[in-house]
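What follows is a single structure, written as C-alpha cells, with notes after it.
The values are calculated or read from the model by the stated rules, or taken from the named source; none is laboratory data. Predicted, not measured: the structure shown is a model, and the values here were computed from it. Here Cβ is always computed from backbone atoms with ideal geometry, including for glycine, and neighbour counts include all displayed protein chains. Keep in mind that these areas ignore ligands, DNA and RNA; they rest on the heavy atoms of the full protein, side chains included. Shrake-Rupley method; radii C 1.70, N 1.55, O 1.52, S 1.80 Å.
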Amino acid sequence: MQPITLHSFDGGIHPQENKHQSTQTAIAPLPLPAQLVIPVGQHIGAPADVIVAVGDLVLKGQVIAQPKGFVSAAVHAPSSGKIVAIEQRELPHSSGLEGTCVIIDTDGQDQWLEDIANGSREISDYLEADNDVLVNRIRDCGITGMGGAGFPTSVKMAVKDKQIDTLIINAAECEPYITADDMLMRERAIAAMHGIQILMKLTSADNCLIGIEDNKPEAIKAMEDALHSVHGEHHITVVTVPTKYPSGGEKQLIKILTGKEVPSGGIPSAIGIVCQNVGTCEAIYRAVAEGKPLISRITTITGESVEQPQNVEVLIGTPVKHLLAFAGFKQEKSLFQKLLGSFNASSNSESESKPRLIMGGPMMGFTLSSDELPILKSSNCILAPSQKELPANDIASACIRCGLCTEACPADLLPQQLYWFSKAGELDKAEQHNIADCIECGACSYVCPSEIPLVQYYRHAKGAIKEERATQLKSDRSRVRFEARQDRLDREAAEKEAKRQARAATAEKAQAAKKAAALAQQKEAAEEAAKNGDPANPDSGPPDSGSAESKAPEPIDLEKLQKQLDAAQAGLKKSMDKIAELKAEAENSDDPAAPIENIEVFEKAVATRRDKVKLLAQQITEAKKLAPPVKKEITRDDIEKKLRAQQDRIDKTQQRFQLAQEQGSETLPALQKGLDKQMQKLKELEADLAQFDKAGA
Amino acid sequence: MSLSNSSFVNITSPHAHGGNTTSRIMMLVILATVPGIIALTYFFGWGNLINIALAGITALTCEAIVLKIRKRPISFFLKDNSALLTAVLLGIALPPFAPWWVTVVAVSFAMIFAKHLYGGLGNNPFNPAMVGYALVLISFPVQMTTTWATPFFLTSDTLIPGQAIIAGQIMSFTDTLSVIFSSTAGLTDGFSGATPLDTYKHLAKNETAVEIMQGPLFANETTGGSASNWFAGGWEYVNIAFLIGGLALLALRIFTWHIPFSLLAALGTCSMLFGWDADLYVPWSLHIFTGATMLGAFFIATDPVTASTTPLGKIIYGAGIGILIFVIRTWGAYPDAIAFAVLLMNFAAPLIDTYTQPRTYGHEKAKRGMPAKPNDSDTSSKEG
C-alpha cells in the first residue's frame, strides 16, 4: 500500500502502551458542565483580546476574544450562557502561572450562534475557494494545533507558493495511554480526510504522507477507506510506521517518513515540509465546511484511578473535575495512609501519598495542582494513575555512565554528558553538546538504571543558560551605554576646558587693556582736573551712564555691572543726603560751630562709594570695549529714542547752565563744554535718522 | 466526589520509568562471570572461589566503613552490588594461591582509594579492580607471579578436575585454604606459575613453534596428546567461558559491542601483523584465547564508569587497550597486560570523549573539541 521507503531515527524506547483500556467504547459526548473556564491564551503567541464584558449573554460559537497580532488565535464561547467573570486564574500549565480567563455559566440550552445554526457560514466548495478566504476562516475559527503544542494554524499556513513539497499528517500518537487521535480516525476519518485536502490546497504541497503507528490497525483501515472516497487525483498516502516512542515527535516523524532532518533551531518549512496533527485537520474541515469554530475536542480520560477509561467529546473550558466524575474517578488511599492517616512527615512520602493528575501522557504530560483547571484546545489526555501504575521514582543513585541514555536518545545527544555538565554548572560545555536540541521526550530518564531525573536537569540547565544570556545581553548594553556616556562627558569636559582657556586668554588681554585704559583715564582725569581746577564734581554724575543706556541689547556682564553701578550710585546719594541732613541739623541746632556727630563715618562712606562708582564705571567701559561689536538691527524707533534721550539731557544741562549762570558758578565753562558735546551728539543722531529714512524706506 | 485544591502532587514530567536498576545490571554482570568461574575452578582448583569469597567480604566491609565515615546510608549504597562486582573481578584476576593478605590489600585499596576517595560509584576515573591489581602486582611481584596453579591434567598420576597442582602437589579444598591463609608468603621451589603466554614467550627464544607446541602445556591429556594452536593448558576453556558470559551480556544490552569488538580486533590484528612468524612471536590464537583476554574484553574494559562514553570513542578506547595489551605482552616485562593497558586508556578516556561527540540531529557536522571561549572575554586564558 505504500511505495514510501521508511527511514528510522536512532534511539527510542518501547514502553508499555496501555492504550487498550480506553479504546473499548466509542467516543462519548460529555454532559454540559455548569461552568466553563476559558483561558484566552491557550496557544503559542500573544493571548487573544477579550471583546465581551461581564454580564453579557453569549451564544455557542460566538467570538469572545479576538486574535492579537499575527501569531495569535481567536477564542469562542463553547456553549451558550452568561459571562460571570473575566479574571486571572491559574492556567493548566507546568508553570502554574495565571492568565486571563473568561468564565461562563452555561444556561443548559447549548444554543448555537444564528449564523452557524442556519448554515450561512458553510463553504461547500472549499476546494475551489480562494486560499485567503480559507486562511481567514481558519484564523477566525480559532484553530490551533491539537497535538499538544497549540500553534495557531493560520500562521502555519502562511507559506509562499512552491515552498512546501510535502504535507505530513501526524497521526502517530506515540505516547502511551493516549488514544484520542486513534478514536478520531476510527469514527471521523472522512472529515479528517477532507481537512487534509483543504490543507493540501492551502500549502500547494506535492504530496501528503499520513504517518500512523502500527499499533492502530483499525485507524489505519479507516483512513485508507476514507482515502478511497476522495475523488480525483490525490497524492495522499497512508504510511504505517513501526511503533516506537517518540516517533510522534515532529522532528522524528519527518525523519522517518522523508529521511530529512529539520535543521537545528529551524522549522520544517525550511526543508519544504509542513506537519499538522490529524485532529487539527478535522477541526479545519468543520470550520470551513460547517463554519463551526474550535470549541470542543476529543480527550482521553484514563488511568487506573478511573473506573471507565474512555474517550470523550469535551467542550473547551470544561473543568477536569467534570471529566473525572463522568469517568468514575476514585481517589485511592494506600494501606499506609489508611493506617496512619495524615501522619506522613517526610517530603518523599508526600509524592507517594498524594495522587497524580496528569494532563497529557506519562512521558511529556504535566501534573495539575487541582481538578478545577479547565480543558484546553491542546489537552489530548487526562491521566489519573494509581500509585502502583506510575510509581514515583526512588532516590537517584550515582550515574554509572552506562550509556543506556545515549542509546535511547532520539536526537543523537549524549544525555550522560549533559547530565554531568548540568550538575556541575558547566553550561558552556552543555551548550556545546547541543543541549538546546533536547526535545525533553523523557526516553533517557525512562531507561536510566539509577533513576536519575535527567530531563529535570536539562530543563534547569536550559533555563540557566537563557538567564545567563539575558544577563550578558543586559550587561553588554549597559557597558555600551556607559562607554557612550563616558565619551560624552569627556567631550564636554574638553569643550569646557577649551572655552575656559579661551576666556582666560581673552581675560588676560582684557586685564592688559584695562591697565592701559586705567592709565589713560588717569591721565585724562589729571588733565581735566588741571584745566577745571576742581576736584571731581559729584553732581556731574557718571560720564557714561547715558551711552550705557543707549545700547539696548547688552551682554550680561554689562547689565550686571550697570546694576551694580546704579546700586552704588544710590548708596552714594543716600550717604550724601545723610551728610546734608546732619549738616542742616547742625546749622539749626544751638551750637552751629560744634563738630557734627558721626559725620566722619558718613564722609568716609561717601568717599568709598564714590570710588566704587568710579571703578564700576571703568569696568563698564572696558567690558564694552572687549565685547564684540553687536551687530543689531537698528530700527527707526531706536534712533528716535536716542534722539529723545539726548534732547532730555540737553534740556537738563541747559537748566543747570542757566542756574550756574545765575549763581555765577565756576563750573560754567565745564558745563558749556558738556552742553556743546551733547548738542553735537544730538546733531549726529538727527543725521543718523535722516540716513535711516533715506536708506530704509 | 469533589476534591479540594492542591490535593494532587506537582511533579514534572516524565512520569514513567522502565524499571531497570543499577543493582540489576551489576548482578547480571556478576552472574555472567559464573561460566568463567566454573571453568577456572574445574581446571585450577578452589583457589579462585576462596579468593572471590574473601574479596567479597573485604569489599563489603571496606565500603561499609568508608560510607559510615562519609555519613552516607550504608544499605542504600551496598545494595547496588558494585562493590561485589569489583570483588568478583579481582577474585578472578588474582592468582589462585595468592596469600590472603594480597587479596585483602588489593581489594581494600581498590575500594577505598580507587573508588571512595574519588567520591564513590560513578566518580572514579580509574577502574578500581585494575588499580588494586596493579598495586599488588608491583608491590608483591613474587607472590603475584609464583602462585599460579598448574592445570589438573598436568600430572601423570591423577586426572581429577578441581584439584590443582602446585609444586607437584595435588591440592584439595582444605589444602588450598591452608596455603592461602598460611603464614608462609608465597611458595618456594621456584615454581614459575607458567601461563601459556609466558611459556611460549620464553621458549620462543630457543625453540621453534612446533617444538613449543609439543610441550606438556600444549600437548596434553585434554588435547589427546597432539598439539594444535588452539589448545593451551586449560586457559582456552576459561576464555571461551568468559566469552559466552560476555556475549550473554551483549544480548542483554548491558553494554554495546564497541569496546569488546574493537579490543579483540586490535589485539588480533596486532598479533597477526607482528606474529607472522610463529617461531619468533606468540601466535594470535594464544593472544586471544589465553590469559585474561576475554575477561578483560567483556568484563574489565567495558566497566562503564571509566570507559569512554561516545560510540566512536569506545572504538578508539577498545582499540587502544588491545594495542597496549599486545605491546606490553610482547615487549614488556609482565606476563599479562590487561591491568596496565586498561589503566593507561582510563587516562585517555576524557580526552577521547571530548573529541568524538556524535553528530546531533539537525546539525550538519559534529561539534568536536572544547567549547570556544567567548570573544569579549576578559580572561587572558589562551586555551581553545
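A few remarks follow.
- Here the alpha carbons of segment A:635-697 define both size measures, Rg and Dmax, at 14.6, 49 Å.
- Where segment B:98-155 is the region considered: accessible area per residue in Å², 1.4 Å probe: 31 Å²
- 1.4 Å probe, heavy atoms, protein only - residues of segment B:35-82 losing at least 50 Å² accessible area vs chain alone: B:F76
- Accessible surface area normalised per residue over segment B:1-90 is 43 Å², counting heavy atoms of protein chains with a 1.4 Å rolling probe.
- Taking the convex hull of Cα positions in segment A:20-327, its mean projected area over all directions (nm²): 15.6 nm²
- Theoretical FRET efficiency, 1/(1+(r/R0)^6), r = Cβ-Cβ of B:S139 and B:Y118, R0 22 Å, to 0.05: 0.60
- R0 of 41 Å, Cβ-Cβ distance A:A464-A:A85: FRET efficiency to nearest 0.05: 0.60
- Counting every alpha-carbon pair across segment A:402-503, the share separated by more than 17 Å comes to 62%.
- Cα-based helix-to-principal-axis angle, A:556-588 vs chain A, degrees rounded to 10: 40 degrees
- Label zone at A:D206, where the point sits 7 Å out along the Cα-to-Cβ direction: segment A:217-253 residues whose backbone N lies under 14 Å: A:235-236
- R0 of 25 Å, Cβ-Cβ distance A:D688-A:Q521: FRET efficiency to nearest 0.05: 0.35
- Cβ-based net charge around B:H116, under 13 Å, with every Lys or Arg adding one and every Asp or Glu removing one: +4
- When the solvent-accessible area of the protein assembly as shown is split by element, carbon and sulfur atoms take up 57 percent of it, the probe being 1.4 Å.
- Of all DSSP bridge pairs formed entirely within chain A, close to 60 percent run antiparallel.
- Near A:A222, once Lys and Arg are set to +1 and Asp and Glu to -1 for all other residues with Cβ below 11 Å from its Cβ, the sum equals -1.
- Label positions at A:D225 and B:M272, each projected 7 Å from the Cα along the C-beta direction, are separated by 6.0 nm.
- Full-stretch length increase - A:L615, A:E662 - with 0.36 nm per residue and alpha-carbon distance subtracted: 13.5 nm
- Cross-link pairs exceeding 19 Å in C-alpha to C-alpha distance, out of A:K221/A:K377; A:K321/A:K354; A:K251/A:K292; A:K574/A:K612; A:K574/A:K673; A:K216/A:K251, comprise A:K221/A:K377; A:K251/A:K292; A:K574/A:K673; A:K216/A:K251.
- Residues of type aspartates and glutamates that B:K115 reaches as a straight line, Cα spacing below 20 Å, ignoring anything fewer than 8 places off in the same chain: B:E63, B:D80, B:D303
- Acute angle (nearest 10 degrees) that the helix A:599-626 long axis makes with the longest principal axis of chain A, alpha-carbon atoms: 60 degrees
- Alpha-carbon centroid distance for the pair segment B:312-378 / segment A:42-116, whole angstrom: 59 Å
- Take every Cα pair under 8 Å whose residues are at least 6 apart in sequence, average their separation, divide by the length of chain A, and the relative contact order is 12 percent.
- Chain B packed on chain A takes about 5300 Å² of accessible surface away from a 1.4 Å probe, both sides summed.
- The local environment of A:Y245, defined by Cβ-Cβ distances under 11 Å, has a net charge of -3 under the rule Lys, Arg +1 and Asp, Glu -1.
- Ratio of Rg to Rh over chain A (Cα coordinates, Kirkwood Rh, two decimals): 1.42
- Relative contact order for segment A:20-327, counting Cα pairs under 8 Å that sit 6 or more residues apart, in percent: 24 percent
- The modelled label-to-label distance for the pair B:N20/B:S182, using points 7 Å beyond Cα in the direction of Cβ, is 4.8 nm.
- Counted residue by residue at 0.36 nm each, then reduced by the alpha carbon distance between them, the extension gain from A:L97 to A:D394 reaches 104.1 nm.
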